[in-house]
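Contents: one structure, followed by commentary.
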Amino acid sequence: MSDFDQMGIVVDWVDACRKGDLAMLLDLYADDAQVECTCNGTRRYRGRRELETYWGPRLSAYSSAGFGLEEINPVPYGIDLEYSVAGSLRIHASFRFSPEGKIHSTLCEPARQEPHAGCAC
């Protein structure tokens, strides 16, 4: 069991996404963190520079389209989150953490979608 609030870190992550605050979002990640996105083929982004390249355009889109928290649950090795963009596009993200209390990895994938929706994660 960790001595930091994993759920609180993911809630801060959601807040950063809602605000479109890239610096706040990146500060939640460990220096060697990785994001793996499987929405349009599998792509991996590692380290602050690549995470900034990945998240920059998405945060702009998320904050203008609307970003909603759908579900958040603790799991044995981290936190699972389901969020929506523009009220309908649903994305599932799994967060794992470093011992220092930073996000070490995020895996995002499409969640159950409406037939017309795609994935923007």
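The values are calculated or read from the model by the stated rules, or taken from the named source; none is laboratory data. Worth saying up front: this structure is predicted, and the values here are computed from it rather than measured. Here the Cβ is made from the backbone with ideal geometry for all residues, glycine too, and neighbour counts use every protein chain on show. Note: areas computed on protein heavy atoms with side chains; ligands, DNA, RNA excluded. Shrake-Rupley method; radii C 1.70, N 1.55, O 1.52, S 1.80 Å.
Taking other residues whose beta carbon is less than 9 angstrom from the beta carbon of VAL35, and scoring Lys, Arg as +1 and Asp, Glu as -1, yields +1.
Using R₀ = 22 Å, calculate the FRET efficiency as 1/(1 + (r/R₀)^6) where r is the Cβ-Cβ separation of GLU82 and PHE4; round to 0.05. Provide the component values of the computation, followed by the final result.
On the way: r = 22 Å, r/R0 = 1.02.
That pair, GLU82 with PHE4, gives E of 0.50.
With R₀ fixed at 25 Å, the C-beta to C-beta distance from ASP32 to VAL11 puts the FRET efficiency at about 0.60. In the chain, the portion of solvent-accessible area held by carbon and sulfur atoms comes to 48 percent [1.4 Å probe, whole percent, DNA, RNA and ligands not counted]. Across the alpha-carbon atoms of the chain, the computed radius of gyration and Dmax are 13.3, 42 angstrom.
At full extension, GLU100 and GLU50 could sit 15.9 nm farther apart than now, given 0.36 nm per residue minus the alpha carbon distance.
What's the local net charge at ILE79, with K and R +1, D and E -1, over the other residues with C-beta under 14 Å away? Local net charge: -4.
Using every pair of distinct Cα positions in region 46-105, the Kirkwood expression returns a hydrodynamic radius of 12.8 angstrom.
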